[in-house]
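Structure first, commentary second.
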Amino acid sequence: MEQSLAIQQVIEKIDRALGGSAELTEDAVSLLKEIRWDLNVFLQNGIDYKVVVDSLDDSVYITDAEGKVLYVNPAHQKNTGILPEEVLGRYTSDIVAKGDLFTGGSTLDVMEKKTRIFRLANVTKNGASGVGYTVGVPIFDDQGQLHQIVVTSRPVLSLESLRRDYQHFLDSSGNARDTQQVKITKKNSITRRMIGNSPALKKVATTIDLAAPTDATVLITGESGVGKEIVANEIYNASKRVGKTYVKVNCASIPANLLESELFGYEKGAFSGANASGKTGLFETANGGTLLLDEIGDMPMDLQVKLLRAIQEKKITRVGGTRPIDLDIRFIAATNSDLKAKIAAGEFRQDLYYRLNVIPVNIPPLRDRVEDIDLLCDHFIELFSKKHGRHLTLTEGDRQLLRSYSWPGNVRELENVIEYLTICASSMDGGNEEMIRGVLDISQGTAAPENFTLAESVENYEKSVIESVLRSSRSLRDAGEKLGVNASTISRKIKQYGIEYPKGKN
């Protein structure tokens with residue numbers, strides 16, 4: 001309750017200051033009263049966050065952006081045997097390098113990648129060999145810069161608990177990636193990753209080279225998994241705004257009732273529950289830089305009007321505000337939806353479509369650029385060999401099998417398959433055809449049995465495609481996005497075809 005006592009003492013000081021309010025300006029009195037009110041609300045809620053964190057069973061380890069340890073809770077000492085004074089004020093990189101307290105963990109990876117990270121850590125104090133799993137979370141300031149890193153951890157009590165908890169982590173982190181809303185980059189840390197020499201991809205590259213140096217709005221279309229964000233990254237990297245703020249917003253993952261305030265920001269008191277000081281919107285955050293509006297086809301109709309106005313007038317107004325804010329933003333939009341079909345169905349504004357579609361970039365599906373599959377395989381083999389410490393060799397027969405597959409999940413599905421093979425088939429010296437057929441559910445023959453009707457053949461093929469995509473998907477939603485349908489359709493097809501799928505994994 002130390003925090004509550006400290007706040008009460010601040011309130012008493014404010015009261016004493018207000019007692020001599022004749023010496024204060026009207027603005028100062030108003031500000032002090034507002035602060036006093038906010039502090040009282042905090043006390044009435046009865047939440048002392050330090051007491052809460054100190055009471056957790058999980059270890060909490062907090063550093064600044066450089067990895068300097070700022071705080072550890074009592075559970076950290078209990079779970080690891082490491083005294084607070086052994087880590088406080090020290091840099092995590094030095095602690096890990098010395099190796100006498102612990103090795104591994106997620107702090108250093110969060111510093112590098114600026115994203116949520118799961119890693120195992122090994123406690124080495126006094127010759128111990130305790131293993132724990134950690135989750136590191138970056139905290140950014142209002143300018144999108146890394147401010148602090150919070151790592152929570154728990155010891156692994158048994159191999160069975162590790163298996164159970166790790167699978168739970170994979171499921172939850174997969175869902176977190178599905179619902180990830182915003183990424184903000186303030187430096188040129190994005191590398192070019194478009195891989196392939198097919199005529200279709202060369203056409204895309206030519207369009208990028210022509211459009212990137214300009215400020216023209218670009219609309220990127222293509223099936224789920226083809227690499228729309230990668231193309232957006234390439235446009236940013238080749239633009240004159242490279243190195244300036246780059247904000248990525250997933251319009252489908254932010255609830256419709258919050259999307260407007262997230263994009264445009266809001267003024268103090270704009271609505272119930274709003275931040276007392278208001279909030280800067282993502283448009284303002286991206287000002288001077290680039291804004292990627294991913295899944296633009298899922299933006300609500302009422303917001304489409306405001307987006308159109310913002311692009312045309314280069315101005316926005318915060319929710320609850322009256323002051324226009326000038327914009328200097330390069331817009332990039334991306335979608336796997338058929339926007340023309342949505343326009344016909346009254347779900348997307350035609351005028352917004354024309355405003356976004358200044359430079360159209362359509363990324364062809366992987367099945368239409370088979371020439372790229374070998375290069376992509378080589379890239380992913382190199383990537384996952386380094387990541388997992390394994391080596392994978394594909395024979396020409398393996399590669400031919402991969403080239404003959406239709407890839408409904410596109411490059412993302414191929415990436416998942418190569419990672420699977422790197423882990424599970426790396427001990428084999430080539431000749432992985434049986435394993436590839438298994439993971440992709442490819443039968444030895446391609447012709448349908450003579451006694452099957454066309455409808456039955458279509459159903460069998462649909463079942464095999466769904467089973468294949470499910471194997472490389474984190475959730476029903478993920479599978480639905482790859483196939484261009486919603487999760488409820490996938491769920492219905494699973495029941496219709498009797499497909500085996502773990503209950504509760506949705």
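Tabulated data for the structure shown
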| read-out | value |
| --- | --- |
| So residue 351, is it out of contact with any Pro (no Cβ under 6 Å at 6 or more places or on another chain) and assigned to a loop (DSSP other than H, G, I, E, B) | no |
| Filtered residues of the stretch 67-76 (kept if assigned to a helix (DSSP H, G or I) and surrounded by fewer than 16 Cβ atoms within 10 Å (Cβ to Cβ)) | 74 |
| Complete set of residues in the stretch 331-379 that are within 24 Å of residue 422 (Cα to Cα) and without any contact (Cβ under 8 Å) to a residue 40 or more places away in the chain | 374, 378 |
| Complete set of residues in the stretch 227-243 that are under 20 Å from the mean Cα position of the chain (by Cα) and part of a loop (DSSP other than H, G, I, E, B) | 227 |
| Residue tally, condition in contact with a Lys or Arg (Cβ under 9 Å, 6 or more places away or on another chain) and part of a helix (DSSP H, G or I), over the stretch 88-106 | 1 |
| Test: residue in the stretch 22-40 that is loosely packed, with under 15 Cβ neighbours inside 10 Å, part of a helix (DSSP H, G or I) and either at pLDDT 80 or above or of a type in the set (Phe, Trp, Tyr) (or both) | yes |
| Flag for residue 310 being part of a helix (DSSP H, G or I), open to solvent by less than 20 Å² (accessible area, probe 1.4 Å) and of a type in the set (A, V, I, L, M, F, W, C) | yes |
| Meets criteria (open to solvent by less than 40 Å² (accessible area, probe 1.4 Å) and not in a helix (DSSP H, G or I)) for residue 325 | yes |
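For (1) in a loop (DSSP other than H, G, I, E, B); (2) more than 27 Å from the chain's Cα centre (by Cα); (3) at pLDDT 95 or above, each residue gets a yes or a no:
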position	(1), (2), (3)
378	no, no, no
394	yes, yes, no
397	no, yes, no
401	no, yes, no
413	no, no, no
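The values are calculated or read from the model by the stated rules, or taken from the named source; none is laboratory data. Since we're looking at a predicted model, the values are computed, not measured. All Cβ positions, even for glycine, are placed from backbone atoms using ideal geometry, and neighbour counts span all protein chains on display. Quick note on the areas: whole protein, heavy atoms, side chains included, nothing else; ligands and nucleic acids left out. Shrake-Rupley method; radii C 1.70, N 1.55, O 1.52, S 1.80 Å.
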